[in-house]
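The block underneath contains the structure these notes are about, expressed in structure tokens.
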There are 2 protein chains.
Amino acid sequence: MQLELSVDRGSPVPLYFQLAQQLESAIEHGTLTPGTLLGNEIELAARLGLSRPTVRQAIQSLVDKGLLVRRRGVGTQVVHSKVRRPLELSSLYDDLESAGQRPTTTVLVNTMVAASAEVAAALGVTEGSEVHCIERLRSAHGEPIAYLCNYLPPGLLDLDTGQLEATGLYRLMRAAGITLHSARQTIGARAATAVEAERLRERTDAPLLTMQRVTFDDTGRAVEYGTHTYRPSRYSFEFQLLVRN
Amino acid sequence: MQLELSVDRGSPVPLYFQLAQQLESAIEHGTLTPGTLLGNEIELAARLGLSRPTVRQAIQSLVDKGLLVRRRGVGTQVVHSKVRRPLELSSLYDDLESAGQRPTTTVLVNTMVAASAEVAAALGVTEGSEVHCIERLRSAHGEPIAYLCNYLPPGLLDLDTGQLEATGLYRLMRAAGITLHSARQTIGARAATAVEAERLRERTDAPLLTMQRVTFDDTGRAVEYGTHTYRPSRYSFEFQLLVRN
DNA sequence: TAGTGGTCTAGACCACGGT
DNA sequence: CCGTGGTCTAGACCACTAG
């Protein structure tokens, strides 16, 4: 059986990307079954009228995604396991939405405050300088899921309460032209204080899942610091990750 | 100021890798300060006597690690933030060891059991078939940190209790020639049951951090399924991740 | 307009895995 | 031994960014 592959040289889409997309969708749709040898890059290149480096670039991008495995002296084959969701900088809003939960957000605080030592250190600003502070309660089906407290450096974004309630913070940042680059996260657990318990409709001392995160843009600026608490009965962190060999 | 760069063509180490290492250590040591332009791949190639694709390959590997950022029409520059620990398939043993904690492990169970429905589904074996079951308590400085319960398919590895107490499970798997490829993790929290509380020297209903994980090798086989519980006062998950743009 | 990275070609030789 | 992927070369043209 031969897989149908073709590239459109008139398209502005890079050739290696076109090929990668076709291979990926073939794997996705089961046309390329797990274990199949893709073998012979040189022959594949000839068949498509491409050079070998171009074909390699396409294959490499899928190897990086974990869909293919290369073995010297053997060939390139489709990975058996259903690797699907790679780890990415997850947005709670997007997570809930893609799970069909139709999240709602209530903005409880949206103001400027003087940066505490903790916030100043995380954002790389001087202690006591003004930063945005927003506190939000996120719910689904009328049940609270998480309490989100975020700090942002001034002048980066204008934080409209209406927009914050309609979508997630990350979407607003991307829409404002901020290119997210990396984030440092810590996930832990602790007992709920009385105040936290009331916000999330839990009892005092109930277990809570906690996450702190600092996000950086591609110039290295910290663009957001957040401390979040989640109801563990309603939310957990789930992700797939690839081993760096 | 010119950075000293050179490659050894007699070395078995690939040229692009030599260059990547030199750039990485220069960034690490602060010789290349954040924001510095590396610019002009063509000139850099000429200076080293390499071709441009080779230089690009070196640079690309550092971009993938999050150390460099490329901008069309501008150049390649060193990222400002201290991106250091990329997310990888973390081993609790290695985490503790690199934190200077000298972990100790007590193997409580090391036997074969019939796979429950949950274990069978995770490992992709038939329910009721025999699988390895190991339960371990990991401590540091005499304090329990985590309770680890793992299941492995039969015939993959021979699980020596002495080795399990001396090192981590992942190291044993790698040493046995298993190439780890990907893992699916879920991190959550819940209240400790009476049994769990006693194991970890917590009180009943104390918050616990939980993690379940299925690990796959490069042929797509599930090689390990684990359910772990951690004392949140002693351990949290910390990692850096890069955004896929 | 000039300079940068992004893409692409058509070859080449080597190292490793399996036969 | 042969076939595979791994590495490398010396060019080329294009798209985007800045000044």
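The values are calculated or read from the model by the stated rules, or taken from the named source; none is laboratory data. Keep in mind it's a predicted model, so treat the numbers as computed, not measured. As a convention, Cβ positions derive from the backbone with ideal geometry for all residues, glycine included, and neighbour counts pool all protein chains shown. Areas reflect the complete protein model, heavy atoms only, side chains present, ligands, DNA and RNA absent. Shrake-Rupley method; radii C 1.70, N 1.55, O 1.52, S 1.80 Å.
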Q: Return one number: the angle in degrees, 0 to 90 and rounded to the nearest 10, between the long axis of the Cα atoms of helix B:52-64 and the longest principal axis of the Cα atoms of chain B.
A: 40
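Taking only protein heavy atoms into account and a 1.4 Å probe, give the accessible area per residue of chain B in Å².
Details: 11730 Å² over 245 residues.
Using a 1.4 Å probe on heavy atoms only, each residue of chain B averages 48 Å².
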Q: Please list the non-local residues whose amide H lies under 5 Å from the amide H of B:Ser129, H modeled 1.01 Å from N, same-chain partners needing a gap of 5 or more.
A: B:Ala115
Q) Using a 1.4 angstrom probe and counting only protein chains, how large is the accessible area of B:Val7 in Å², to 10? A) 40
Q) In terms of modelled amide H atoms, which long-range or inter-chain residues lie less than 5 Å from the amide H of B:Glu238? A) A:Ile187
Q.
Suppose only helical runs count, i.e. DSSP H with n ≥ 4. What mean residue ellipticity at 222 nm does that imply for chain A under -39500 (n - 2.57) per run, divided by all residues and rounded to the nearest 500 deg cm²/dmol?
A. -8000 deg cm²/dmol
Q: Find every distance from the label point of B:Asp8 to the corresponding label point in the other copies (7 Å from Cα along Cα→Cβ) and write them in nm, one decimal, shortest first.
A: 5.1
Q. Counting partner chain Cβ atoms within 10 Å of every residue's Cβ in B:182-195, what's the average?
A. 6
Q: Just read off the accessible area of B:Asp158 with the full protein assembly in place, 1.4 Å probe, to the nearest 10 Å².
A: 120
Q: Order B:Asp217, B:Asp205, A:Asp218, most accessible first, counting only protein heavy atoms with a 1.4 angstrom probe.
A: B:Asp205, A:Asp218, B:Asp217
Q) Given a 1.4 Å probe and no ligands, DNA or RNA in the count, how much accessible surface is buried by B and A, both sides, to the nearest 100 Å²? A) 4300
Q. How far apart are the A:Glu127 label points across copies, placing each 7 Å from Cα toward Cβ, in nm, shortest first?
A. 5.9
Q. How about segment A:27-75: which trypsin sites (Lys or Arg not before Pro) there lie in a loop by DSSP and see at most 14 other Cβ atoms within 10 Å?
A. A:Arg72
**Q.** Computed over the protein assembly as shown, the ratio Rg/Rh where both radii use C-alpha atoms and Rh is Kirkwood
**A.** 0.97
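Whole number please: convex hull volume per residue of the Cα set in chain B, in Å³?
173
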Q | Size-normalised alpha-carbon gyration radius of segment B:63-167, reference 2.2 N^0.38 Å | A | 1.59
Q: Run through the other copies and list how far each one's label point is from that of B:Gly30, in nm with one decimal, shortest first; the point sits 7 Å from Cα along Cα-Cβ.
A: 5.8
Q. Pairing the Cα long axis of helix B:15-28 with the longest principal axis of chain B, what angle in degrees results, from 0 to 90 and rounded to the nearest 10?
A. 80
Q) Sorting A:Met112, B:Met211 by accessible area (1.4 Å probe), largest first, what list results? A) A:Met112, B:Met211
Q | Distance from segment B:40-61 to segment B:187-245 (C-alpha centre basis), Å | A | 43
